[in-house]
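Working notes for the structure below.
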Amino acid sequence: MADHSSFRGDLEIQKREDGFGGNLTVAGAVTASDFVGLRNEAVVTGDGIKTRFVIRHGLGVATPFVSIYDANGERVYASVVCLADESIALEFAEPPSINESYRVVCIK
């Protein structure tokens, strides 16, 4: 089995139909360990009452990029408030239904 835990050289990024893409040049080497701690996930579950959920991301940044997804993988939108202790607060306009779960992805 090939070792895919490191990379050195140029990496071609294929263009998609939406026009995203280009080239990425790596100066030196990139290893899998360079990406550890760049992303955390959590799940919030509704109770039909609460509209605010606090999540500790622990990424060492004040303003992570946050995406929220429902059980079907569709994006869900809520206000995101960055808190001082490496946490975020998600604020929904309407409380998520009882046992309605959302996957929250925080990226450094």
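Order of Tyr69, Tyr102 from fewest to most other C-beta atoms within 10 Å?
Fewest-to-most ranking of Tyr69, Tyr102: Tyr69, Tyr102.
In nm, give the distance between the simple-model label positions of Phe65 and Ile49, each being 7 Å from the Cα along the Cα-to-Cβ direction.
3.7
I need the shape label for the range 37-107. Rule: rounded when a/c is under 1.5, else prolate if a/b > b/c, else oblate, with a, b, c from the alpha carbon gyration tensor.
Judged from the Cα gyration tensor, the range 37-107 comes out prolate (a/c at least 1.5, a/b above b/c).
Contour minus end-to-end for Val105 and Glu41, with contour as 0.36 nm per residue of separation and end-to-end as the Cα-Cα distance?
Between Val105 and Glu41, full extension yields an extra 22.6 nm.
Short version: ³J(HN,Hα) in whole Hz for each residue of the range 48-56, in order, from phi by Karplus 6.51 cos²θ - 1.76 cosθ + 1.60 (θ = phi - 60°), x for Gly and Pro, what are they?
x, 10, 5, 10, 10, 10, 9, 10, 8
Bear in mind these aren't lab numbers, they're just calculated from the coordinates by the rules spelled out. Quick caveat: nothing in here was measured; it's all calculated off a predicted structure. Because the Cβ atoms are built from the backbone with ideal geometry, glycine has one as well, and the counts that use them run over all protein chains shown.
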